[in-house]
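**Q** Once you've had a glance at the structure underneath, I'll fire off some questions.
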Amino acid sequence: MRFPKAAGGIRVALRSPGPSIPRWLLLPALLGFAFVVGPLVALAKAVRWHSFWALIGTPASHAALVLSLRTALASTVLCVLLGVPMAMVLARIRWRVLPVLRAMVLLPLVLPPVVGGMALLYLFGRYGLLGRHLEAAGIRIAFSTTAVVLAEAFVALPFLVITLEGAMRTTGERYERVAATLGASPTIVWWRITVPLLRPALISGTVLSFARSLGEFGATLTFAGSLQGRTRTLPLEIYLQREADPDAAVALSLLLVVVAVVIVLIAYRGARSNAAQRREWVGL
């Protein structure tokens with residue numbers, strides 16, 4: 001197989017089936033793949049397979065897994081309800097304060113999760129800015145299952161907003177403008193044009209938010225504590241078992257990895273299917 005020389009003097013390879021790439025990119029790419037896969041292989045090798053089901057089948061582990069799935073699902077729903085309108089505003093509206101708002105939305109991505117948990121505690125805590133009024137009304141959020149949902153949504157929301165805003169800017173406003181000139185109301189344009197075009201990005205962003213919620217640790221521990229059956233999610237159970245029973249911690253870690261991989265694969269196939277439907281719909 002001959003490798004033709006590109007205009008910049010760099011030889012290219014792997015021409016089929018997609019676009020060619022420079023050969024020198026293969027080495028850092030392979031190192032990157034090994035960097036991601038290597039720890040997972042090491043984790044799988046550390047599992048005591050003969051007692052795997054017994055290690056993950058304890059009542060505490062089962063309760064932590066169920067609570068993690070429930071709270072991650074609830075926080076993902078909250079992210080979709082808040083994140084879709086936020087992405088729409090950031091992508092479609094021209095407003096001077098939007099860059100500041102975008103930076104604030106992205107802040108949880110760079111903040112240590114513990115700092116996020118502290119911020120939530122000083123807002124919703126017993127003596128917090130909003131929490132003191134809720135406490136007077138008989139509503140207590142901190143160190144409850146609701147606090148777990150809020151902590152997970154706080155750290156997962158930027159993933160959905162970034163994905164959707166990028167998709168909206170890439171898609172453009174051409175089809176929406178055409179529909180509007182034909183007399184469609186903004187609501188009709190939203191449901192008939194915008195949502196179908198954004199479906200793949202919405203699925204990807206939703207899955208990213210769910211996966212981030214499922215693995216949340218620092219903000220949850222700070223804002224919700226670690227109460228078995230109420231706030232102790234699977235990452236917190238793994239952290240506790242790491243000292244008491246390392247074998248159980250390794251088995252639970254692998255279980256969390258498997259759940260995350262299955263979710264990502266299902267969503268990836270769904271996103272590809274929807275992307276193909278969108279290309280057919282727009283006539284590409």
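The values are calculated or read from the model by the stated rules, or taken from the named source; none is laboratory data. All figures in this text were calculated on a predicted structure; none of them were measured in a lab. When we count neighbours, we look across all protein chains shown, and the Cβ atoms used for this are built from the backbone with ideal geometry, even at glycine. Ligands, DNA and RNA are excluded from the accessible area calculation, which covers all protein heavy atoms including side chains. Shrake-Rupley method; radii C 1.70, N 1.55, O 1.52, S 1.80 Å.
**Q** Please work out if Val110 is crowded, with 20+ Cβ neighbours inside 10 Å, among the β-branched types (Val, Ile, Thr) and within 30 Å of Thr170 (Cα to Cα). Give the steps one after another, and end with the answer.
**A** Numbers: crowded, with 20+ Cβ neighbours inside 10 Å: no; among the β-branched types (Val, Ile, Thr): yes; within 30 Å of Thr170 (Cα to Cα): yes.
When the stated conditions are applied, Val110 does not pass them.
**Q** Follow-up. Which one of Ala54, Ala42, Ala64 is over 30 Å from Thr187 (Cβ atoms), free of Cβ contacts under 8 Å to residues at least 60 places away in the same chain and within 27 Å of the chain's Cα centre (by Cα)?
**A** Details: Ala54 fails: within 27 Å of the chain's Cα centre (by Cα); Ala64 fails: free of Cβ contacts under 8 Å to residues at least 60 places away in the same chain.
Selected residue: Ala42, the only one of Ala54, Ala42, Ala64 that is over 30 Å from Thr187 (Cβ atoms), free of Cβ contacts under 8 Å to residues at least 60 places away in the same chain and within 27 Å of the chain's Cα centre (by Cα).
**Q** Specify which of the listed residues (Leu90, Leu69) is in contact with a helix residue (DSSP H, G or I) (Cβ under 7 Å, 6 or more places away or on another chain), in contact (Cβ under 8 Å) with a residue 12 or more places away in the chain and in a helix (DSSP H, G or I).
**A** On the way: Leu69 fails: in contact with a helix residue (DSSP H, G or I) (Cβ under 7 Å, 6 or more places away or on another chain).
Only one candidate passes the filter, namely Leu90.
**Q** Moving on. Please go through the range 179-197 and pick out each residue that is open to solvent by less than 30 Å² (accessible area, probe 1.4 Å), within 16 Å of Ile93 (Cβ to Cβ) and of a type in the set (A, V, I, L, M, F, W, C). Let's see the steps before the verdict.
**A** Step one: list which residues in the range 179-197 are open to solvent by less than 30 Å² (accessible area, probe 1.4 Å), which gives 179, 189, 193-194, 197.
From the residues that got through so far, the ones that are within 16 Å of Ile93 (Cβ to Cβ) too are 189, 194.
If the condition is that a residue be open to solvent by less than 30 Å² (accessible area, probe 1.4 Å), within 16 Å of Ile93 (Cβ to Cβ) and of a type in the set (A, V, I, L, M, F, W, C), then Val189 is the only one that fits.
**Q** Within the range 242-267, take every residue that is free of Cβ contacts under 8 Å to residues at least 40 places away in the same chain and farther than 18 Å from Arg212 by Cβ and give me the one that is least open to solvent (accessible area, probe 1.4 Å).
**A** Ala249
**Q** Here's something else I'd like to know. Out of all the residues in the range 224-239, is one or more in a helix (DSSP H, G or I), touching a Lys or Arg at 6+ places or on another chain (Cβ under 9 Å) and buried (at least 20 other Cβ atoms within 10 Å of the Cβ)? Can you show your working first?
**A** Step one: filter the range 224-239 for residues in a helix (DSSP H, G or I), giving 224, 234-239.
Pick out the ones that are also touching a Lys or Arg at 6+ places or on another chain (Cβ under 9 Å) and you get 224.
Imposing the further condition that a residue be buried (at least 20 other Cβ atoms within 10 Å of the Cβ) reduces the set to 224.
Within the range 224-239, one or more residues are in a helix (DSSP H, G or I), touching a Lys or Arg at 6+ places or on another chain (Cβ under 9 Å) and buried (at least 20 other Cβ atoms within 10 Å of the Cβ).
**Q** Residues that are of a type outside the set (Gly, Ala, Ser), open to solvent by less than 60 Å² (accessible area, probe 1.4 Å) and closer than 30 Å to Gln228 by Cα: does the range 159-178 have at least one? Can you show your working first?
**A** Kept after step one, since they are of a type outside the set (Gly, Ala, Ser), are these residues of the range 159-178: 159-165, 168-171, 173-178.
From what is left, the residues that are open to solvent by less than 60 Å² (accessible area, probe 1.4 Å) are 160-161, 163-165, 168, 171, 173, 176.
Narrowing the set further to residues that are closer than 30 Å to Gln228 by Cα leaves 160.
The answer is yes; a qualifying residue exists.
**Q** Failed condition for Gly225, given (1) at pLDDT 90 or above; (2) under 28 Å from Val257 (Cα atoms); (3) touching a Phe, Trp or Tyr at 6+ places or on another chain (Cβ under 6 Å); (4) not β-branched (Val, Ile, Thr), with all others met?
**A** It fails just one condition, (1).
**Q** Something else now. Does the range 125-144 contain at least one residue that is open to solvent by less than 70 Å² (accessible area, probe 1.4 Å) and of a type in the set (Val, Ile, Thr)?
**A** Looking through the range 125-144, at least one residue is open to solvent by less than 70 Å² (accessible area, probe 1.4 Å) and of a type in the set (Val, Ile, Thr).
**Q** Okay, moving on. Mind listing whichever residues of the range 141-160 are part of a helix (DSSP H, G or I) and over 16 Å from the mean Cα position of the chain (by Cα)? Steps first, answer last, please.
**A** Just the residues of the range 141-160 that are part of a helix (DSSP H, G or I), to begin with: 145-160.
If the condition is that a residue be part of a helix (DSSP H, G or I) and over 16 Å from the mean Cα position of the chain (by Cα), then Thr145, Thr146, Ala147 are the ones that fit.
**Q** Does any residue of the range 214-222 turn out to be touching a residue at least 24 places away in the same chain (Cβ under 8 Å), part of a loop (DSSP other than H, G, I, E, B) and open to solvent by less than 10 Å² (accessible area, probe 1.4 Å)?
**A** Checking the range 214-222: at least one residue is touching a residue at least 24 places away in the same chain (Cβ under 8 Å), part of a loop (DSSP other than H, G, I, E, B) and open to solvent by less than 10 Å² (accessible area, probe 1.4 Å).
**Q** Restricting to the range 67-113, name every residue that is within 17 Å of the chain's Cα centre (by Cα) and small (Gly, Ala, Ser).
**A** Ser68, Ala72, Ala74, Ser75, Gly83, Ala87
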